[in-house]
1. Being part of a loop (DSSP other than H, G, I, E, B) and of a type in the set (Gly, Ala, Ser) is the filter here; which residues of region 24-49 pass it?
2. Does region 211-231 contain any residue that is of a type in the set (Gly, Ala, Ser), assigned to a loop (DSSP other than H, G, I, E, B), more than 24 Å from the chain's Cα centre (by Cα) and surrounded by 13 or more Cβ atoms within 10 Å (Cβ to Cβ)?
3. Given the options Asp292, Asp307, name the one that is open to solvent by 40 Å² or more (accessible area, probe 1.4 Å), at pLDDT below 95 and part of a helix (DSSP H, G or I).
4. Say we look at region 12-68 and pick out the residues that are open to solvent by 50 Å² or more (accessible area, probe 1.4 Å) and among the small types (Gly, Ala, Ser); which of these is farthest from Pro167 (Cα to Cα)?
5. Go through region 199-210 and give me each residue that's surrounded by fewer than 18 Cβ atoms within 10 Å (Cβ to Cβ), at negative phi and in a loop (DSSP other than H, G, I, E, B).
6. Of these, Tyr121, Tyr90, which one is part of a loop (DSSP other than H, G, I, E, B) and in contact with a helix residue (DSSP H, G or I) (Cβ under 8 Å, 6 or more places away or on another chain)?
7. Can you pull out the residues in region 240-280 that are part of a strand (DSSP E or B) and surrounded by 24 or more Cβ atoms within 10 Å (Cβ to Cβ)?
8. Given the criterion modelled with pLDDT of 90 or more and assigned to a helix (DSSP H, G or I), identify the matching residue among Leu82, Leu66, Leu95.
Amino acid sequence: MHKPDQVSEHRILVLNTLGGALLHYTKALRDNLEGAGYEVSIATIYEPSQATGGRLTWILRYARMLLSARRMAKNDKKNTVLVTWPVLGYLDILLGAVLGRRAVIEFIVHDPEPLVSAIGYDRRSQFLSRRAPFKRGLVVHSDAALADVVKHGFENMVTKLPHPILPIDYAQSTRANDPKIVRVLGQFKPDRDVTALEEIGKSIGPGVSLEIRGRRWPQIAGWHVIEGFVEETELQDLLRTSDAVVVPYKRFYQSGIAIRSLEYGVPIVGPADTSLEDLVGHESPLLVSETDGWTSAIASAIQTDRDEVLMMVNKLRLESRAAWHEFVDRAGHS
């Protein structure tokens, strides 16, 4: 394994195209790559909802980022460009041609079948992107995402890598609640499992307070729902003070909230046969299957010792660092 104290000659430029939504993800990615010994630079633009100008301005700013990356690649062959979110979906593979043949560029695809409206993932975009003059790489973080990218015809371009994760900061973690606080964090989407939440609300025992925080959530029996956007500092406080965080989805690829919960030493509860298995293990009592209900998984989460979460996070970080180092090193010599 590459030793963290050895600085590689290989340089990595991370283009964060969602400066607001993926700020924490990019921070974790940088920590992961620098821990593997790479020199890492970050370039950031903000999504239309957090910057002046609309979608077109966002795309033009992204094109300028790629041109800057091209100039960097001309000076040193050992450069890899990582794009945290393809602005135009699969069509980014075509746009990435501006870097020429020498640059190694990888696009991190979070939602190959978008959970919200997005461009560049339709069949025509897939067809055009598969015929790009220079083959580029795609990175996913879950088996479900890998299966969909392969289904779209990019099996020779895609690699599954672990989701980056930061170490637990015990100074920021305080779980001493009575009653215990179990939260759902993040905005409502059609793929949220409302039926599961209703079941939890009916069957949860005494001594547990259920709370939902995020935009567009309807009222759900048994839960204290506070609808509205959650600022980053408030989100940090909600994570820090939770005893468990529930990830109630019927369909999803990976969960940033699940990752961030573990970074605060907070156990997570969610459906089995999903990317959560990569985090907590296939046999974990924190996962909900057809035979094991949500309330029993929540009970297991509340009883989980924080040291168990610490060991879990340390293991995930080491595995992620090793996998990303192997991938970047291989890509740089291809």
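1. Filtering region 24-49 for residues part of a loop (DSSP other than H, G, I, E, B) gives 36-38, 45-47.
Those that are part of a loop (DSSP other than H, G, I, E, B) and of a type in the set (Gly, Ala, Ser): Ala36, Gly37.
2. Residues of region 211-231 of a type in the set (Gly, Ala, Ser): 214, 221-222, 228.
Keeping just the survivors that are assigned to a loop (DSSP other than H, G, I, E, B) gives 221-222, 228.
From the residues that got through so far, the ones that are more than 24 Å from the chain's Cα centre (by Cα) too are 221-222.
Checking which are surrounded by 13 or more Cβ atoms within 10 Å (Cβ to Cβ) leaves us with 222.
Yes, region 211-231 contains at least one residue that is of a type in the set (Gly, Ala, Ser), assigned to a loop (DSSP other than H, G, I, E, B), more than 24 Å from the chain's Cα centre (by Cα) and surrounded by 13 or more Cβ atoms within 10 Å (Cβ to Cβ).
3. Details: Asp292 fails: part of a helix (DSSP H, G or I).
The conditions single out Asp307.
4. Ser68
5. In the first step, residues of region 199-210 are kept if they are surrounded by fewer than 18 Cβ atoms within 10 Å (Cβ to Cβ); the result is 199, 201-203, 205-207, 209.
With at negative phi added as a condition, the list becomes 199, 201-203, 205-206, 209.
If the condition is that a residue be surrounded by fewer than 18 Cβ atoms within 10 Å (Cβ to Cβ), at negative phi and in a loop (DSSP other than H, G, I, E, B), then Gly205, Pro206 are the ones that fit.
6. Values: Tyr90 fails: part of a loop (DSSP other than H, G, I, E, B).
Only one candidate passes the filter, namely Tyr121.
7. So in region 240-280, the residues part of a strand (DSSP E or B) come out as 244-246, 249, 268-271.
Within region 240-280, Ala244, Val245, Val246, Ile268, Val269, Gly270 meet the criteria.
8. Numbers: Leu82 fails: assigned to a helix (DSSP H, G or I); Leu95 fails: modelled with pLDDT of 90 or more.
Criteria check complete, one pass: Leu66.
The values are calculated or read from the model by the stated rules, or taken from the named source; none is laboratory data. Note that this is a predicted model, so its numbers are computed, not measured. Cβ: placed from backbone, ideal geometry, glycine included. Neighbour counts: every protein chain shown. Areas reflect the complete protein model, heavy atoms only, side chains present, ligands, DNA and RNA absent. Shrake-Rupley method; radii C 1.70, N 1.55, O 1.52, S 1.80 Å.
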